[in-house]
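> Take a look at this one; I'll ask things after.
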Amino acid sequence: MQRRFIAFLICLLPLVAAAEPKVYERRLDNGLKVLVKPDHRAPILTSQLWYRIGSSYEYGGITGVSHVLEHMMFQGTESHPPGEFSRIVAENGGEENAFTGRDFTAYYQNLAKDRLEISFKLESDRMRHLALADKEFTKELEVVKEERRMRTDDDPQSLTYERFNAVAFDASPYGNPVIGWPGDLEQLQLADLSDWYRLWYAPNNATLVVAGDVDPEQVFSLAETYFGPLAAEEIRPPKTRSEPAQHGEKRLEVKAPAKESYLLMGYKTPAVADAAEDWEPYALEILSSVLDGGDSSRFARELVRGDQIAASAGASYSVFQRLPGLFLFDGVPAKGHGVADLEAALRAQIERVRSEPVSAAELERVRNQVVAAKVYEQDSLFYQAMMLGQLESIGLDWRLSETYVDALAAVTPEQVQTVAKKYLTPDRLTVAVLDPQPLDGKQPVRPSLGIGGQTHVR
Amino acid sequence: MFADLIFAGLKSAAARGGIPRAVAPWLALLLVGAPVAQATPAIQTWETSNGARVLFVAAPEIPMIDVKVVFDAGSARDGEQAGLASMTAAMLDEGAGDWDADALADRLDNVGASLSAGVDRDMTSVSLRSLTRQPALETAIDTLTAVLAKPSFEPKALERVRQNRLIALRQDEESPGDVAQKALYRAVFQNHPYAGDPSGTSASIAAIARDALVAFHARYYVAANALVAIVGDLDRAGAQALAERITAGLPKGEAAAPLPKVSPLAAGSLQAIDFPSSQTTVLAGQPGMKRGDPDYFPLYIGNHILGGSGLVSILMDEIREKRGLSYSTYSYFLPLAQPGPFLMGLKTRNDQAEQARQVMLETLERFLERGPTQAELTAAQKNITGGFPLKIASNGNIIQYLAVIGFYKLPLDYLDRFTDRIAAVTAEQIRDAFARRVDPERLAIVTVGRSQEPVVETRGAD
């Protein structure tokens, strides 16, 4: 199961081609930043609108509001009734969706190259003229609660991950689930959404990214036509609770109906935005690949195949986040081993990267994988655009997507050891264990909205 | 690993249980649209010297290559040993030729190549992605060739893979969606080989012997039973040489025999499985259609309207938009070599399960009665034809099409003609095809959740 998550993450990694298609940039007078990446391989485009708003901007009592608002963005504007947005996109052969993360909310349409105007017309309309009607809100809130049950409450590993984050972070909003705490969803009001919408849905808080078979000047001109007239908003930087220093290791246990146990370990780590040294996040990313980047990595070779302690074991880390996050380990014990054996094995692996440098051969393997992934990335227009939007949305420069491969390639074995020693320390650690409860139906059911967890979702 | 992303619509539901993962790639293929004005990929085809069929599309824009080798060796070939095909595939990269699992992994990772094997009910497919520069390509192709022809089925590795599969099967039991999916296939296909899940059962996996894997490999991993799909930065001569090398180790062998026919259900059924979840998963299905089916296009567009077009489908409107009952609801036909399932599904809070199930079934019955409106049909045709360029935009898309076109022996101009065939379908044809092919009285229904109903109850044949 973890394998799949990790494989997906690798797809998301910022391996946007450095040399190849150039990115064109323009800022409209109202502050909307427009990025265009021409790619003429196929007669299509992706149009993505990224807002700098997500669950990490939320505070206690209204968690989940960014995501519910994202749902409401499909429920009608002053000039389009509910559902019409999707009907128009569909009639134009478009694929569309939206996603909410900790640091951003993004909307996209994939279209044939001559349909960009459809996207701009509809997106500019709902940027400032959302209807936010009571009836649709009441219904959509129920949809979101169902979504939460599906993603988190009825998935023991997801539930463990949600509660793990809540314990790992004492103050950081990364402790809250993107989908929101059940109690907060219960008390959410339409007025909360209206406020949130007015505060954050504005041209000067968004990045428009278009990639595909387009001419940059025509895209800029079309953007001016549709988004240009929208008024800017005064955007006050959010007051984010920063995470205080951790004093000692934390542990938790999550009981849920399940058959197999599950272990999660996370160490507090910096991201690009707040690293003490520019190279540190890249060294952490290389470290995650040495441990878990393919079947030749240490975890697959030593924990799954060699010692056969793990049925699966993973390591992951995200360079690009708005706030400091976690270097994560997770795994499922192999037959004949308990979760304690797996934890001991992971700790031994961690101790090893702290006490000795990774080998030149391992580093070379990771570099080759990174370079290859950069080439493969060119096969997906969507992810190329996504990387630009994500970087801008977390307050970084989209050009980091172009220097990413070089930054990784420059990491030395000593730097990997340095970050391991500095950050993989017990005082930064949180450990969560899923304690499986019987599935035989004799147990009391979890209340459908009583307790909850966080969401790890693709 | 944990992307912390939530999608508004169906994308993630498809990826995560709303629609079974094993089916997701096929769904993508079902969404084939029609060529508009632009060129469809030029497919070249030939046979290797030992009789494997090759489909190739040159894609010189990116210095990379995708290869997919497909054998007529899906789980429908498991016989009495459920999971045999998938265990055979799972052992391919655990040792082959002179290389053990570590050596195989090193060879691929060191050049940034990726290799994977997958099994569904019809196919075993082995996929490779590599750079075309050297030494990457040589290394990757040699590795693929060994993995296909000379897997060692090393006993110790087999025991490990077996134990980890047993753990994965136990994890499936934690998932109400997986439990429902497996139960529904059993109810829809009964004694047909499509009834079993490709991953097998705990009992069958525990019992599979090494000899059985060796025999399965020897019987089905042969050139006459293989299709090689190639997309990438090669010319025809290069692709021909590549296909020869990939298949060189395979004996000619024989193609697999046709699978048995699927019988229609004699009666409807309802199975309510008690499960400690907050939602109830509701699935309903029956045998649907096969690849190349004469009713393919009317059924395909009709289903698109009913429950195959995400946020704008009729099911989505009734279940989610009007009533807020479920995050995701859908219907699909999964066309296989023999008729695969027609399936509808949703997940809703336990106390709403009965209501949601009724709305879902009533929506189907209404659609069967009246068929699509002309407006619905026109909108669907525009969506499918207008979206076609998106479906063939990447090498990753095209390799999937080649596998399906080649494996199911669809005509090579299948994509070229798609637009016309979509455009030619009438509302009356859809109504007629659904009336003949979908019987609401003979649906197998499975619910998994904490409901008040008796554990097993059968809906009579009325």
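Coordinate-derived values only; no laboratory data. Quantities reported herein were computed from a predicted structural model and do not represent experimental measurements. Note that each Cβ is placed from the backbone with ideal geometry, even for glycine, and that neighbours are counted across all protein chains shown.
> Charges at C-beta only: +1 for Lys and Arg, -1 for Asp and Glu. How large is the resulting dipole of the protein assembly as shown about its Cα centre, in Debye rounded to 20?
1040 debye
> Something else: In what sequence, highest mean first, do B:99-111, B:410-422 appear when ranked by Cβ atoms within 10 angstrom? Please report the intermediate quantities before stating the final value.
Working: B:99-111: 20.3, B:410-422: 16.0.
Order by mean packing, descending: B:99-111, B:410-422.
> What size of dipole, in debye to the nearest 20, comes out for chain B about its Cα centre when the only charges are +1 on Lys and Arg C-beta atoms and -1 on Asp and Glu C-beta atoms?
On the way: 45 positive and 52 negative charges, 88 e Å.
In total the dipole reaches around 420 debye.
> Note the full-extension length gain between B:R436 and B:E61 as 0.36 nm times their separation in residues minus their Cα-Cα distance, in nm to one decimal.
Values: separation 375, 0.36 × 375 = 135.00 nm, distance 4.63 nm.
Length gained between B:R436 and B:E61: 130.4 nm.
> For A:Y59 and A:H247 in the same chain, what is the full-extension length gain: residue separation times 0.36 nm, less their Cα-Cα distance, in nm? Spell out each step's value before the answer.
Numbers: separation 188, 0.36 × 188 = 67.68 nm, distance 2.37 nm.
Separation in residues times 0.36 nm, less the Cα-Cα distance, equals 65.3 nm.
> Oh, and also: Where a Cα-Cα gap under 17 Å defines reach, which lysines qualify for B:K391, not counting those fewer than 8 residues away within the same chain?
A:K113, B:K11, B:K382
> Follow-up. Mind checking which lysines have their Cα closer than 29 Å to the Cα of A:K250? Skip sequence neighbours fewer than 8 apart in that chain.
Within reach: A:K239, A:K259, A:K268, A:K335, A:K421, A:K422.
> Over what distance in Å are the Cα centres of segment A:101-175 and segment B:218-253 separated?
45 Å
> Hey, another quick one. Could you tell me which residue out of B:G79, A:H71, A:L429 lies farthest along the dipole of the protein assembly as shown toward its positive end? Charges go on the beta carbon: Lys and Arg +1, Asp and Glu -1, centred on the Cα centre.
Checking the options against the dipole of the protein assembly as shown, the answer is B:G79.
> If I model a spin label as a point 7 Å beyond the Cα along the Cα-Cβ vector, how far apart are those points for A:E414 and A:E234 in nm?
Once both label points are built, they end up 5.2 nm from each other.
> Using the Cα centre as the reference, give the magnitude of the dipole from point charges on the C-beta atoms of segment A:155-246 (Lys, Arg: +1; Asp, Glu: -1; all else neutral), rounded to the nearest 20 debye. Could the numbers behind the result be given before it?
Values: 5 positive and 14 negative charges, 73 e Å.
I would put it at about 360 debye.
> Give me a single rounded figure for A:94-104: the average over its residues of other chain Cβ atoms within 10 Å of their Cβ.
Details: counts 4, 8, 6, 8, 5, 9, 5, 4, 3, 1, 1.
Whole-number average of other-chain Cβ neighbours for A:94-104 is 5.
> Treating cross-link reach as a plain straight distance, find the lysines whose alpha-carbon is under 18 Å from the alpha-carbon of B:K150, omitting any fewer than eight places away in the same chain.
The reachable lysines, counting only those whose Cα sits under 18 Å from B:K150, are B:K68, B:K252.
> Which whole-number percent gives the relative contact order of chain A, counting Cα pairs below 8 Å spaced six or more residues apart? Working shown, then result.
Details: 902 pairs, mean separation 121.3, N = 458.
Here the relative contact order equals 26 percent.
> Right, another one. For labels at B:K261 and A:K121 in the simple 7 Å Cα→Cβ model, what's the distance in nm?
Between B:K261 and A:K121, the simple spin-label model gives 5.2 nm.
> Distance between the C-alpha centers of segment A:236-284 and segment A:410-434? Whole Å please.
11 Å
> Under the definition of partner shielding as Cβ atoms of other protein chains within 10 Å of a residue Cβ, what is the mean value for peptide A:306-312? If you can, show how the numbers build up before the last one.
Details: counts 2, 0, 5, 0, 1, 9, 4.
For this peptide, the per-residue mean of nearby foreign Cβ atoms is 3.
> Moving to a separate point now. With just the Cα atoms of chain A, tell me how far they stretch along each of the three principal axes, in Å, largest first.
In descending order, the Cα extents are 62, 55, 38 Å.
> Relative contact order for segment A:204-325 using alpha-carbon pairs under 8 Å, separation at least 6, rounded to a whole percent? Don't jump to the answer; show the numbers that get you there.
Numbers: 76 pairs, mean separation 27.7, N = 122.
Normalised by residue count, the contact order of segment A:204-325 is 23 percent.
> Still on this structure: Would you work out which of B:G406, A:G31, A:L346 lies farthest towards the positive end of the dipole of the protein assembly as shown, given +1 charges on the beta-carbon of Lys and Arg and -1 on that of Asp and Glu, about the Cα centre?
The Cα lying farthest towards the positive end belongs to B:G406.
> Quick check: pseudo-label points 7 Å beyond the Cα along Cα→Cβ at A:E78 and A:D29, how many nm apart are they?
In this crude label model, A:E78 to A:D29 measures out at 2.0 nm.
> Could I ask something else about it? Extension gain A:E356-A:A276, at 0.36 nm per residue separation less the Cα-Cα distance, in nm?
Working: separation 80, 0.36 × 80 = 28.80 nm, distance 2.20 nm.
Working it through step by step, the gained length comes to 26.6 nm.
> Residue farthest toward the positive end of the dipole of segment A:21-227, with Cβ of Lys/Arg at +1 and Asp/Glu at -1: which of A:Q48, A:T160, A:Q218?
It is A:Q218, whose Cα lies furthest towards the positive end.
> When you look at the Cβ of every residue in B:111-118, what mean number of other chain Cβ atoms sits within 10 Å? Show your work: numbers first, answer last.
Numbers: counts 4, 13, 4, 8, 1, 1, 0, 0.
The shielding value for this peptide is 4.
> Considering Cα pairs under 8 angstrom that are at least six residues apart, work out the relative contact order of chain B and quote it in whole percent.
24 percent
> Specify the inter-centroid distance of segment B:122-158 and segment A:191-230, based on alpha-carbon positions, in whole Å.
46 Å
> Sorted by packing (mean other beta-carbon atoms within 10 Å per residue), highest first, where do A:301-312, B:356-367 land?
Details: A:301-312: 20.8, B:356-367: 18.8.
Order by mean packing, descending: A:301-312, B:356-367.
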